[in-house]
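Structure first, then comments.
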Amino acid sequence: MSTTTPTGPPAAKADARGGRLGRNTQRLNEIGLIGAIVVLFVVLSATAPGFLSVTNQLAILRDAATIGVVAWAMTLVIVAGEIDISIGPAVAFSSVLLAKATGEWHIPFALAVLVCLAVGLLLGAGAGFLRARWGIPSFVATLGLWSALRGLAQYMTDGLPVPLDANGFLDVLAGSILGIPTPAIIMAVVFVVFLFVANRTAYGRSVFAVGGNAEAARLAGINVSRIRVILFATTGLLAAVSGLLLAARLGSGNGGASVGLEFDVIAAVVIGGTSLAGGKGSLLGTLLGVAFITVIGNGLVLLGVNAFFQDVVRGVIIVGAVLINVLLSKRNGARSA
Amino acid sequence: MSNTDVVAEVRAGTKRYPGVTALSDVDFAVRRGEVRALLGKNGAGKSTLIKVLSGAEHLDSGEALVRGTSLAGLGTRDVAALGVATVYQELSLVPEMTVAENLFLGAWPRSRGALDLRRMRAGAKEAMARIGVDIDVDSPVGALGSAGQQLVEIARAVAQRPTLLILDEPTSSLAAAEVRQVIDVVRTVAEQGVAVIYVSHRMDEIRQVADTATVVRDGRIVETLPVRTASTHEIVAMMLGTAPEAVAARTRRPSAEPPVLSARALVSDRLNGLDIDVRPGEILGIAGVLGSGRTETLRALVGLDRPASGEIRLRGEAVRPGAFAAMLARGLGMTPENRRREGIVPLMGVDENIVISDLRKVSRSGVLDRRAIRQAARALIDRLAIKTARPGTPIGTLSGGNQQKAVLARWLHAGSDVLLLDEPTRGVDVEAKRQIYDQMRLLADDGRAVVFVSSEVEELADVCDRIVVLRGGRAVAELSGDEIELNRVMALAIAEE
Ligand SMILES: Nc1ncnc2c1ncn2[C@@H]1O[C@H](COP(=O)(O)OP(=O)(O)OP(=O)(O)O)[C@@H](O)[C@H]1O
Ligand SMILES: [Mg+2]
């Protein structure tokens with residue numbers, strides 16, 4: 001059994017697909033999602049009256065922004081192996097803060113907006129600091145925020161909406177620019193920024209490294225604590241932005257708004273193929289996840305499904321989508337890993 | 001020997017990964033009572049063959065059999081039930097659990113539905129005693145360090161009383177005394193009729209433990225031959241596919257410059273008044289047995305651990321102990337001994353794993369420059385001959401030795417002045433070892449300081465300009481230049497107080 005034949009081709013010039021295993025799975029997932037969204041579109045345009053109308057499509061864009069603006073930041077949080085569940089209350093709280101600041105506290109409007117953003121950022125950074133400095137799991141740190149901010153927002157308003165005086169800025173936020181809903185434009189801009197940050201900056205790549213192996217990242221000289229604080233500061237900031245959009249849309253600050261928003265956001269990220277275990281994920285996937293969830297929500301309303309039952313349907317669809325995603329990556333993995 | 005003696009077999013086995021054929025038309029069989037060594041360069045396919053035989057991977061074509069049962073469609077559990085126990089190359093213990101819990105992972109002894117802690121601890125003590133190792137079975141595995149963990153893995157495999165025992169580089173982080181114990185255990189179980197497959201890059205060890213050796217190269221079996229009659233030169237030539245270069249005698253050049261990094265009277269859990277001087281322009285070896293404080297010394301020097309007392313000076317200035325980030329910023333770099341837990345980011349590409357130590361170098365005004373990343377990574381991949389399908393291949397899919405080289409490449413990228421290398425040749429093949437030594441020499445000649453920790457005294461004696469011997473957390477001897485002789489270092493390292 002002695003052979004000394006020349007050996008096979010060196011690995012270096014082998015097959016160009018080489019090894020991008022994670023990416024392949026990601027691609028598959030994205031193609032699958034696009035397929036699912038197309039199917040949804042076809043089915044809904046046949047069954048749901050008015051689904052394809054321009055008004056409805058613009059409404060979908062507007063709804064997508066409610067989830068999307070925060071979902072981009074959430075993608076990085078989850079890639080880093082963390083989670084932020086404080087989104088819904090943070091959004092509601094920010095809307096209340098704006099209404100209170102401009103109304104009752106007589107703070108000039110522009111300053112009030114800045115205060116809202118700053119407070120959102122600091123609250124997020126605070127949760128991140130608890131995680132980074134004392135190792136409090138981010139689920140717990142943001143669970144604290146989730147409870148405290150909802151409570152504070154309701155307490156400050158006695159559970160009633162606080163009306164906002166209309167002004168030009170709010171009108172623009174609530175309205176459209178060149179026919180496109182302003183929130184959708186903001187969502188798109190933030191998306192592009194995050195796409196860039198995630199792939200082309202040291203910060204973005206460090207987030208992936210921390211999620212992939214925090215200890216290795218630390219030993220390679222990455223300031224893991226700093227990254228963690230920034231991550232939660234960004235979700236906090238973008239939740240505040242969402243809060244401003246909400247306030248503009250409702251014309252009031254509303255402590256009881258955005259219930260369960262965090263779950264839509266997290267679901268969109270996870271459906272998009274980002275792993276809750278960290279280290280792996282894509283913003284493009286999240287974009288598709290946001291589209292998927294928003295279209296389903298819109299369709300269920302148009303089809304006149306009972307409001308309570310809508311939640312049941314959505315729950316089943318979300319878990320189903322993630323299950324397919326997991327099975328896909330398993331199959332792909334089994335073939336090549 | 002009759003065919004009924006064959007315990008495990010692969011027939012015409014082929015296994016492909018994206019971009020690589022890890023096994024190509026392999027025929028392999030191992031019999032009862034035989035200790036078979038698997039030899040080959042990094043990435044030759046040794047671990048892949050082992051994973052196929054343990055049910056962790058499945059062949060694309062061909063057949064794998066254990067005791068006549070085809071492994072097609074079987075998982076690791078099913079294969080374990082056939083009597084196969086495997087120690088994988090990468091440690092696979094739960095660090096937070098105790099040694100005893102890990103030894104019985106997933107098969108904890110129970111009585112009336114509850115865990116039987118007493119039986120578990122007794123069984124664990126017996127398992128450790130069987131391989132002749134004294135480790136507290138109640139301590140968490142994470143507290144043990146690589147060597148201790150490796151011993152626990154071996155004890156776990158042996159305790160399963162397998163018919164086929166597979167050991168993938170079981171001794172890569174062990175020092176001479178523990179290696180001796182492992183070899184004795186393997187010989188004993190083989191005499192009881194167990195078939196053993198043993199992977200190692202250390203030829204002297206192979207000679208002591210194995211009866212026969214199978215040489216693998218680029219996924220093919222080159223030859224199977226009796227170990228006793230084959231010369232090392234012959235075997236290495238088969239592994240490499242070419243005759244190995246003659247080793248040039250190395251001239252030792254201990255540096256006379258003032259130390260760039262020095263420590264005085266360091267005291268911590270494992271350190272006990274440690275003094276050490278690291279000079280630019282030389283390779284400083286740190287020798288010592290398991291638990292002598294080698295890793296702790298590096299961690300203290302680089303600021304990962306904060307010693308209870310003592311002083312550390314960098315370029316003459318006292319530094320705050322435990323200031324890791326500041327030390328990196330001032331030109332230190334360290335490769336950790338446990339590459340999977342502390343070294344690699346498995347899902348990221350080899351390229352990003354390398355440049356991660358300094359992303360500014362590959363950025364232009366804050367934006368990462370893909371081209372620069374590719375160039376920097378390519379240069380280092382070539383320089384260290386890292387075998388990877390592409391620069392962007394996830395590093396977790398590389399063979400162990402190649403991962404190790406990439407982690408070293410990281411600090412070459414950062415351009416550190418002081419390199420602290422904890423077992424940098426762990427799991428690295430003969431040729432690659434030489435490449436790593438050459439790199440260390442180049443760095444030293446370039447005026448940098450290299451600190452080299454290894455449990456293989458042979459390589460320390462071969463490569464270093466100066467060697468400090470640690471015992472019980474203290475530097476007990478220093479040899480420099482021509483004072484360095486293998487026997488002397490060995491004697492000093494294992495001498496009792
Ligand atoms: N999961 C995987 N995905 C892709 N390629 C892989 C995977 N596992 C191994 N490979 C590739 O298969 C080849 C053989 O790897 P293997 O781990 O068997 O080498 P090895 O002989 O054990 O090397 P070492 O001495 O470094 O441990 C290598 O080129 C490696 O990159
Ligand atoms: Mg291997």
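Miscellaneous remarks
- Looking only at segment B:328-364, residues that are part of a helix (DSSP H, G or I) and under 26 Å from the mean Cα position of the chain (by Cα) come to 12 in all.
- Scanning segment B:338-380 for residues that are more than 7 Å from chain A (Cβ to nearest Cβ) and among the polar types (S, T, N, Q), we see that the one that is farthest from B:T171 (Cα to Cα) is B:S365.
- With respect to the conditions (1) in contact with a Phe, Trp or Tyr (Cβ under 8 Å, 6 or more places away or on another chain); (2) more than 16 Å from ligand 2 (Cβ to nearest atom), B:T397 falls short on a single one, namely (2).
- Scanning segment B:24-46 for residues that are more than 14 Å from every other protein chain (Cβ to nearest Cβ), in contact with a Gly (Cβ under 7 Å, 6 or more places away or on another chain) and either within 13 Å of ligand 1 (Cβ to nearest atom) or closer than 13 Å to B:V199 by Cβ (or both) yields a single hit, B:K46.
- Condition met for A:V115 (more than 14 Å from chain B (Cβ to nearest Cβ), within 20 Å of A:S242 (Cβ to Cβ) and of a type in the set (V, I, T)): yes
- Top-ranked residue in segment B:166-194 [being more than 30 Å from B:A491 (Cβ to Cβ) and touching a helix residue (DSSP H, G or I) at 6+ places or on another chain (Cβ under 6 Å); ranked as nearest to ligand 2 (Cβ to nearest atom)]: B:D168
- Residue satisfying condition, being surrounded by fewer than 22 Cβ atoms within 10 Å (Cβ to Cβ) and not assigned by TED's automatic domain parsing to the domain that holds B:E169, within set B:V407, B:V418, B:V430: B:V430
- Taken over segment A:101-116, the residue count meeting the criterion of being surrounded by fewer than 19 Cβ atoms within 10 Å (Cβ to Cβ) and touching a residue at least 60 places away in the same chain (Cβ under 8 Å) is 2.
- From the list B:R156, B:R180, the one residue that fits, being farther than 23 Å from B:V30 by Cβ, more than 16 Å from ligand 1 (Cβ to nearest atom), part of a helix (DSSP H, G or I) and assigned by TED's automatic domain parsing to the domain that holds B:A56, is B:R180.
- Filtered residues of segment B:105-130 (kept if within 13 Å of B:Q160 (Cα to Cα) and crowded, with 18+ Cβ neighbours inside 10 Å): B:G123, B:A124, B:A127, B:M128
- Qualifying residue in segment B:408-420 (condition: away from every other protein chain (no Cβ under 12 Å), in contact (Cβ under 8 Å) with a residue 40 or more places away in the chain, assigned to a strand (DSSP E or B) and in contact with a helix residue (DSSP H, G or I) (Cβ under 7 Å, 6 or more places away or on another chain)): yes
- Only residues that are assigned to a loop (DSSP other than H, G, I, E, B) and in contact with a Cys (Cβ under 9 Å, 6 or more places away or on another chain) were counted in segment B:278-310, giving 1.
- Selected residue [in a helix (DSSP H, G or I) and among the hydrophobic types (A, V, I, L, M, F, W, C)] from B:A444, B:A385: B:A444
- Residue that is surrounded by the most Cβ atoms within 10 Å (Cβ to Cβ) [pool: residues in segment B:68-104 that are within 16 Å of ligand 1 (Cβ to nearest atom) and farther than 13 Å from B:R156 by Cα]: B:Q89
- Verdict on B:L174 being free of Cβ contacts under 8 Å to residues at least 40 places away in the same chain, crowded, with 21+ Cβ neighbours inside 10 Å, under 20 Å from the mean Cα position of the chain (by Cα) and at negative phi: no
- Meets criteria (out of contact with any His (no Cβ under 9 Å at 6 or more places or on another chain) and crowded, with 22+ Cβ neighbours inside 10 Å) for B:A461: no
- Yes/no for B:V489 being part of a strand (DSSP E or B) and closer than 27 Å to B:G273 by Cα: no
- Only strands (runs of 3 or more DSSP E) whose full extent lies in segment B:197-277 are considered here, and the ones with at least 1 residues that are surrounded by fewer than 19 Cβ atoms within 10 Å (Cβ to Cβ) and within 14 Å of chain A (Cβ to nearest Cβ) are B:212-217, B:220-226.
- Looking only at segment B:3-23, and only at residues there that are surrounded by fewer than 24 Cβ atoms within 10 Å (Cβ to Cβ) and within 10 Å of ligand 1 (Cβ to nearest atom), the one that is farthest from B:T232 (Cα to Cα): B:P18
- Residue among A:S206, A:S225, A:S176 that is more than 14 Å from every other protein chain (Cβ to nearest Cβ) and not hydrophobic (A, V, I, L, M, F, W, C): A:S176
- Whichever residue in segment A:209-222 is within 21 Å of the chain's Cα centre (by Cα) and at the interface with chain B (Cβ under 7 Å from one of its Cβ atoms) and, among such residues, is modelled with the highest pLDDT: A:A209
- Complete set of residues in segment A:180-215 that are more than 22 Å from A:S225 (Cβ to Cβ), of a type in the set (G, A, S) and in contact (Cβ under 8 Å) with a residue 12 or more places away in the chain: A:A184
- Filter result for the condition that a residue is of a type in the set (K, R), outside the structural domain of B:V26 (by TED's automatic domain parsing) and under 30 Å from B:G281 (Cα atoms), over B:R202, B:R252: B:R252
- Residue in segment A:85-104 that is among the aliphatic types (A, V, I, L, M), modelled with pLDDT of 95 or more, within 28 Å of A:L284 (Cα to Cα) and outside any helix (DSSP H, G or I) present: yes
- B:R77 vs. criteria over 21 Å from B:L53 (Cβ atoms), more than 14 Å from chain A (Cβ to nearest Cβ), more than 16 Å from ligand 2 (Cβ to nearest atom) and of a type outside the set (A, V, I, L, M): no
- Hey, B:M120 modelled with pLDDT under 90 and closer than 20 Å to B:G291 by Cα or not: no
The values are calculated or read from the model by the stated rules, or taken from the named source; none is laboratory data. Computed from a prediction, not measured in an experiment: that's the story for all the values here. All Cβ positions, even for glycine, are placed from backbone atoms using ideal geometry, and neighbour counts span all protein chains on display.
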